[in-house]
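The values are calculated or read from the model by the stated rules, or taken from the named source; none is laboratory data. What you are looking at is a predicted structure, and each value in this text was computed from that prediction instead of being measured. Here the Cβ positions follow ideal geometry from the backbone for every residue, glycine too, while neighbour counts run over all protein chains shown.
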């Protein structure tokens, strides 16, 4: 099987930053808990005038191509994994054609390159990585891009209007931030570089615990999440799944420099990782970017990685365990050495 | 070793819900194959238009849930047998895109059985006059097999036009639809969309034939998207594919959108019209403009 690597990463973050304090200040029904200390989110980025899922994805894709050795016309596949598929307006939901068709044309992909949309809630980009990694491993394609533009602050705007209960299914909507992210994968250059394994499963018994759909109380989009139940189920199941993956793929915590979990809330992440620690032996350092960016949905792992790479905080040839946790409930693991990405951010090797 | 179709199912009799119709088709498809529901490792939903315009989670986990497919591998202590599910939305090309992805999973031994399901409904879950498609549930079970003869799917090919109109748009601006966002979808179709699609898909095939990437010799059936009556027949004429036949589902039930290719294959299969060695060319086309194809040997 052919091994794939992360060749390039591009992230776009809107300029405007909105604080948790500012959001809570607008609420008629104030939360009974301190949202900032519970989630660890101080600020999140907020779309500017004229920005939507398409423009965020496009900006990230341009960043990604700017750091890559490839041009768009060199790539064999484009997979767009946005949950929010808003174009020509921040809540203008496009079902057909898919975002990938617009992005392909705008970027100048070859007509014979694959281009499709794929959704899997907040596990979307990592599922895209799983799909593209499989396509590269099987020889179907040599290179490709996974991109997502998440214009999700519209759910926060709806929540601000509709939260009425102290424990309300729309509270999680206040944790989100806007962003775009794109990664290019190609064939790994050496045995030590690239994606070692990817493994996902869907615990569908709990598929209806988080639903996002148009609101029936206000024009716009809303998310209804039973966050406590989701957290409890994940907490209950994650250690057994981690143990299973360790046996299946032969790793321990010592094998990784960092773990990047899906960015939900600091308290939830810490609790989940602590429960896994007894199996992992050593808990790798967790990379968390909630303070500045909030939960950016399907882009969250890559927003954090970009932030760390930009500040040159990571060790050389870091080995990273990406941990996907998403509505579905989707749990996924991506193990990768990211030396090539570090080089593209100016790390000396 | 090739990826083969183990079984298919397609019907317009399913419930009026993208989730429930996919469940209906999946159960019937698995029954035909004699494969238990828990044996499916990979579940891909390719339906585009869904109940109440849900955008999260993916529709596939909601289908998996109703199928009772490896629901909680931790509680039930069977982590060695789990299912991974997600959506691929690529309009009419969804089946071939998902089949290409499924083959990559099967070839790299990440899955043994891949189940592709499809079906579209108007978000209002009614027979809305503006909905240009027929709600049809479809499912196809795929697996890698070594049958000792030339069989299964060959390469998958894709095309998107580099410029010009997208031909077909479906969207809903939630800021302009009051409280009706869950039951609204606007459709805009170029007047010459279907003619353009026929030419675009035929152009792709001509190019692939002339590049030697596919040999149409001995082709038995051409299965196409069902944009208009006799859409496949016109493509056969344009391509001068003598001796090949097509299935005109449109005249029977209208345009089944994402379910068209599975439904075409199911039509032939259910009537006993497919013989071992028959060559079937799947070719889809849709908004973008876009098209996909793959040659399949029964």
Being at positive phi and surrounded by fewer than 16 Cβ atoms within 10 Å (Cβ to Cβ) is true for just one of A:50, A:66, A:89. Which residue is that? A:50
Total residues in the stretch A:152-177, condition part of a loop (DSSP other than H, G, I, E, B) and farther than 18 Å from residue A:327 by Cα: 5
Consider residue B:115 against the criteria (1) under 19 Å from the mean Cα position of the chain (by Cα); (2) on the phi < 0 side of the Ramachandran plot; (3) at the interface with chain A (Cβ under 8 Å from one of its Cβ atoms); (4) in contact (Cβ under 8 Å) with a residue 24 or more places away in the chain: it satisfies all of them except one. Which criterion is unmet? (3)
Matching residues, the stretch B:60-92, being on the phi > 0 side of the Ramachandran plot and more than 7 Å from chain A (Cβ to nearest Cβ): B:68, B:70, B:77
Only residues in the stretch B:174-186 that are facing another protein chain (nearest Cβ under 7 Å) and without any contact (Cβ under 8 Å) to a residue 40 or more places away in the chain count as the first member; pair them with residues that are assigned to a helix (DSSP H, G or I) and buried (at least 20 other Cβ atoms within 10 Å of the Cβ), Cβ under 6 angstrom, at least 6 apart or cross-chain, and list the lot. B:174/B:181
Among the residues of the stretch A:4-20, count how many are surrounded by fewer than 18 Cβ atoms within 10 Å (Cβ to Cβ) and in a loop (DSSP other than H, G, I, E, B). 2
For residue A:151, state whether it is closer than 30 Å to residue A:26 by Cα and more than 10 Å from chain B (Cβ to nearest Cβ). yes
So, in the stretch A:65-94, exactly how many residues are closer than 17 Å to residue A:131 by Cα and not in a loop (DSSP other than H, G, I, E, B)? 4
Which of (1) within 28 Å of residue B:110 (Cβ to Cβ); (2) buried (at least 24 other Cβ atoms within 10 Å of the Cβ); (3) touching a helix residue (DSSP H, G or I) at 6+ places or on another chain (Cβ under 7 Å) does residue A:197 not meet, given it meets every other one? (2)
Members of the stretch B:32-55 that are closer than 20 Å to residue B:102 by Cβ and either modelled with pLDDT under 95 or outside any loop (DSSP other than H, G, I, E, B) (or both): B:32, B:33, B:37, B:38, B:39, B:42, B:43, B:44, B:45
Looking at (1) buried (at least 21 other Cβ atoms within 10 Å of the Cβ); (2) under 19 Å from the mean Cα position of the chain (by Cα); (3) outside the structural domain of residue B:260 (by TED's automatic domain parsing), can you tell me which one residue B:157 breaks? (3)
Residue by residue through the stretch A:114-140, note down the ones that are more than 7 Å from chain B (Cβ to nearest Cβ) and either more than 23 Å from residue A:1 (Cα to Cα) or in a loop (DSSP other than H, G, I, E, B) (or both). A:122, A:123, A:124, A:139
With respect to residue A:68, is the statement that it is more than 9 Å from chain B (Cβ to nearest Cβ) and under 21 Å from the mean Cα position of the chain (by Cα) true? yes
Can we say residue B:205 is over 21 Å from residue B:254 (Cα atoms), assigned to a helix (DSSP H, G or I) and in contact with a helix residue (DSSP H, G or I) (Cβ under 7 Å, 6 or more places away or on another chain)? yes
Among the residues that make up the stretch B:93-108, is at least one of them part of a loop (DSSP other than H, G, I, E, B) and either in contact with a helix residue (DSSP H, G or I) (Cβ under 9 Å, 6 or more places away or on another chain) or at the interface with another protein chain (Cβ under 7 Å from one of its Cβ atoms) (or both)? yes
Any residue in the stretch B:145-169 that is within 14 Å of another protein chain (Cβ to nearest Cβ) sitting within a Cβ distance under 7 Å of a residue that is exposed (fewer than 13 other Cβ atoms within 10 Å of the Cβ) and not in a loop (DSSP other than H, G, I, E, B)? List the pairs, counting only those 6 or more apart or interchain. B:169/B:188
Residues (out of contact with any helix residue (DSSP H, G or I) (no Cβ under 8 Å at 6 or more places or on another chain) and farther than 19 Å from residue A:98 by Cα) located in the stretch B:159-188: B:175, B:176, B:177, B:178, B:179, B:180
Single match in B:22, B:33 (criterion: under 30 Å from residue B:177 (Cβ atoms) and more than 10 Å from chain A (Cβ to nearest Cβ)): B:22
From the options A:320, A:330, residue that is crowded, with 24+ Cβ neighbours inside 10 Å and either within 25 Å of residue A:3 (Cα to Cα) or out of contact with any strand residue (DSSP E or B) (no Cβ under 6 Å at 6 or more places or on another chain) (or both): A:330
Step by step: first the residues of the stretch A:242-263, then only those that are buried (at least 20 other Cβ atoms within 10 Å of the Cβ) and within 14 Å of another protein chain (Cβ to nearest Cβ), then the one that is nearest to residue A:326 (Cα to Cα). Which residue is that? A:262
In the stretch B:131-153, what residues are touching a strand residue (DSSP E or B) at 6+ places or on another chain (Cβ under 7 Å) and at pLDDT 95 or above? B:132, B:136, B:137, B:138, B:139, B:140, B:141, B:142, B:143, B:144, B:152, B:153
Check residue B:191 against each of (1) in a loop (DSSP other than H, G, I, E, B); (2) touching a helix residue (DSSP H, G or I) at 6+ places or on another chain (Cβ under 6 Å); (3) more than 14 Å from chain A (Cβ to nearest Cβ) and name the one condition it does not meet. (2)
